[in-house]
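Enquirer: Before anything else, here's the structure in question.
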Amino acid sequence: MTKRGIVVAIDGPAGAGKSTVAKAVAKRLRYVHIDTGAMYRALTFKLLQAGVDISVEERVEQAIADYRIDMMAEGDTFRVLVNDEDVTGHLRDAAVTAAVATVSGYRAVRELLFTEQRRLARQGGVVMDGRDIGTVVFPQAEVKIFLTAQLEERARRRQIELADRGILRDRTNIVQEIAARDEADRRRPVSPLVQAPDAVLIDTTALSLDAVIERVLALCQSRMPE
Ligand code: DC
């Protein structure tokens with residue numbers, strides 16, 4: 001099979017800017033950007049909408065047996081469909097954000113999404129961001145980045161991002177929410193958030209977005225086949 005390009009895996013904690021960086025890098029390389037957090041959020045939204053008790057793993061397992069998830073490219077972004085319903089507009093709902101760490105800790109959920117993630121990146125030419133892309137989904141990815149920033153800074157950025165969308169939130173609340181999600185992602189037994197031994201760590205606390213993008217692009221160029 002002819003490959004469309006390399007696989008670039010960007011992992012890291014909540015609010016580190018993974019999706020923003022991944023999207024910009026994909027655009028520059030003319031690759032596809034896949035935000036795997038959006039896939040976990042989409043399933044979570046659908047489960048909440050269906051009234052499934054997400055605290056009971058078996059209920060979630062039963063419900064998702066009938067779910068099919070599709071990512072549809074749309075310009076430089078994409079829409080997420082669960083069983084043909086476009087749920088893109090709900091991915092950032094507060095209820096989804098509060099529940100997604102629980103749902104993403106279940107093995108059956110991860111297995112369903114791994115299959116789809118691996119299928120989407122089979123031919124390469126993708127920048128995929130998440131928590132476990134370089135460790136579990138694509139351990140053979142040509143470029144692995146672990147993107148992070150200090151908690152306060154991540155909360156500051158999230159507050160600005162929310163304010164841009166007309167949502168005014170207290171910084172202390174955001175800090176607590178992000179810290180709780182990081183903790184859940186790091187402690188879960190399946191696919192915990194951890195830096196792959198061969199991933200390049202980039203702490204973006206004191207870096208501009210452009211500087212981060214350039215560093216990632218330089219790493220990509222260095223790993224491109226001749
Ligand atoms: O990146 P995000 O905030 O949209 O991710 C939402 C949640 O999904 C996050 O709490 C952890 C989970 N997630 C995951 O477990 N594995 C991934 N590859 C991506 C996200």
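Enquirer: Being more than 17 Å from the chain's Cα centre (by Cα), surrounded by fewer than 11 Cβ atoms within 10 Å (Cβ to Cβ) and closer than 18 Å to residue 15 by Cα, is that true of even one residue in the stretch 209-219?
Expert: Yes, the stretch 209-219 has at least one match.
Enquirer: Would you mind finding the one in 174, 133, 145 that is within 11 Å of the ligand (Cβ to nearest atom) and under 27 Å from residue 203 (Cβ atoms)?
Expert: Numbers: 174 fails: within 11 Å of the ligand (Cβ to nearest atom); 145 fails: within 11 Å of the ligand (Cβ to nearest atom).
Among 174, 133, 145, only 133 is within 11 Å of the ligand (Cβ to nearest atom) and under 27 Å from residue 203 (Cβ atoms).
Enquirer: Against the condition surrounded by 14 or more Cβ atoms within 10 Å (Cβ to Cβ), of a type in the set (Val, Ile, Thr) and farther than 18 Å from residue 38 by Cβ, how does residue 175 come out, does it pass?
Expert: yes
Enquirer: Hey, another quick one. Kindly list, by first and then second residue, each pair from a residue in the stretch 62-73 that is among the basic types (Lys, Arg) to a residue that is outside any strand (DSSP E or B), limited to pairs with Cβ atoms under 6 Å and residues at least 6 apart or on different chains.
Expert: Listed pairs, sorted by first residue: 68/83.
Every residue, every condition in (1) out of contact with any helix residue (DSSP H, G or I) (no Cβ under 8 Å at 6 or more places or on another chain); (2) modelled with pLDDT of 95 or more; (3) buried (at least 21 other Cβ atoms within 10 Å of the Cβ), yes or no:
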site: 10; (1), (2), (3): no, yes, yes
site: 31; (1), (2), (3): no, no, yes
site: 51; (1), (2), (3): yes, yes, no
site: 54; (1), (2), (3): no, yes, no
site: 59; (1), (2), (3): yes, yes, no
site: 64; (1), (2), (3): no, yes, yes
site: 96; (1), (2), (3): no, yes, yes
site: 115; (1), (2), (3): yes, no, no
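Enquirer: Every residue in the stretch 129-156 that is basic (Lys, Arg) and outside any strand (DSSP E or B), please.
Expert: 131, 154, 156
Enquirer: Could you tell me whether the stretch 142-161 includes any residue that is in contact (Cβ under 8 Å) with a residue 40 or more places away in the chain, polar (S, T, N, Q) and over 30 Å from residue 173 (Cα atoms)?
Expert: Filtering the stretch 142-161 down to residues in contact (Cβ under 8 Å) with a residue 40 or more places away in the chain leaves 142-150, 153-155, 157-158.
Now narrow it down to the ones that are polar (S, T, N, Q): 148, 150.
Restricting the remaining residues to those that are over 30 Å from residue 173 (Cα atoms) gives none.
Within the stretch 142-161 (the criterion being in contact (Cβ under 8 Å) with a residue 40 or more places away in the chain, polar (S, T, N, Q) and over 30 Å from residue 173 (Cα atoms)), the answer is no, since none of the residues qualifies.
Enquirer: Could you tell me which numbered condition residue 120 fails, if it satisfies all but one of (1) more than 13 Å from the ligand (Cβ to nearest atom); (2) over 26 Å from residue 203 (Cβ atoms); (3) touching a strand residue (DSSP E or B) at 6+ places or on another chain (Cβ under 6 Å)?
Expert: For residue 120, the exception is condition (1).
Enquirer: Quick one: which of 109, 127 is within 16 Å of the ligand (Cβ to nearest atom), over 30 Å from residue 28 (Cα atoms) and among the aliphatic types (A, V, I, L, M)? Walk me through how you get there before you give the answer.
Expert: Working: 127 fails: over 30 Å from residue 28 (Cα atoms).
Residue meeting the stated conditions: 109.
The values are calculated or read from the model by the stated rules, or taken from the named source; none is laboratory data. Quick caveat: nothing in here was measured; it's all calculated off a predicted structure. With ideal geometry, Cβ positions are generated from the backbone for all residues, glycine too; neighbour counts draw on all protein chains shown.
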